[in-house]
1. Exactly one condition in (1) modelled with pLDDT of 90 or more; (2) farther than 26 Å from Asn11 by Cα is false for Ala122; which is it?
2. For region 129-149, give me the residue count where each residue is outside any helix (DSSP H, G or I) and at pLDDT 90 or above.
3. Select from region 13-63 the residues that are within 30 Å of Ala77 (Cβ to Cβ), of a type in the set (S, T, N, Q) and modelled with pLDDT under 85 and list them in ascending order.
4. List the pairs whose first member sits in region 18-29 and is under 9 Å from Gly49 (Cβ atoms), whose second member is crowded, with 22+ Cβ neighbours inside 10 Å and aromatic (Phe, Trp, Tyr), and whose Cβ atoms are under 9 Å apart, counting only residues at least 6 apart or on separate chains?
5. Against the definition (modelled with pLDDT under 85, surrounded by 13 or more Cβ atoms within 10 Å (Cβ to Cβ) and out of contact with any Asp or Glu (no Cβ under 9 Å at 6 or more places or on another chain)), how does Met82 come out, yes or no?
6. Whether any residue in region 1-23 is in contact with a helix residue (DSSP H, G or I) (Cβ under 9 Å, 6 or more places away or on another chain), part of a helix (DSSP H, G or I) and farther than 18 Å from Gly147 by Cα is what I want to check.
7. Please go through region 27-80 and give me each residue that is on the phi > 0 side of the Ramachandran plot and touching a Leu at 6+ places or on another chain (Cβ under 7 Å), ordered by number.
8. Those residues that are surrounded by fewer than 18 Cβ atoms within 10 Å (Cβ to Cβ) and either assigned to a helix (DSSP H, G or I) or of a type in the set (Gly, Ala, Ser) (or both), I need them from region 32-63; list them, please.
Amino acid sequence: MKNVVDFLTGNLILNTAIIAWAMAQIIKLFVTRVVEGRWDWKHILSSGGMPSSHSAAVCATAASVGYLYGLSTPLFAVAAVMAVVVMYDAANVRRETGKQAIILNYMMEHWDEGKPVEFEKALKELIGHTPLQVLMGALLGIAVGWGGVWLVQ
């Protein structure tokens, strides 16, 4: 199975994170197609949306570390804490930033005196995630992390 691990990076844990991220990005494309009835190819590399690719990547990392080294090891503790921080940020801080971008974009569209030069480009509004999007990304990541290591072992 060494060839499978060597395929991307030569690091099984990093590979599971990359695969989980890529799967989440591809799933976003299909979710947009089903929900909005259109293909939106920008979701392949964008942040925000269902499922959270950030959550998928960090949970795949934590799950594969836990599988390989054990759930009581310092390595798993570090990976789990990082996963929680990233998911908290995605569901809270980044989501609030997206809400602020919506308000600021609305203000700029309705500015009577014209837009100042530094505000010509609209702010990105889809930045963070709902708790459901984070949860689905986490579940995807755990499945890829555990499943990927299980398949290779």
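The values are calculated or read from the model by the stated rules, or taken from the named source; none is laboratory data. These figures come from a predicted structure and were not determined experimentally. Backbone-built Cβ (ideal geometry, glycine too); neighbour counts: all protein chains shown.
1. (1)
2. 0
3. Across region 13-63, the qualifying residue is only Ser47.
4. Note: no pairs meet the criteria.
5. Spelling it out, it is not the case that Met82 is modelled with pLDDT under 85, surrounded by 13 or more Cβ atoms within 10 Å (Cβ to Cβ) and out of contact with any Asp or Glu (no Cβ under 9 Å at 6 or more places or on another chain).
6. no
7. Gly48, Gly49
8. Arg33, Val34, Val35, Glu36, Gly37, Trp41, Lys42, Ile44, Ser46
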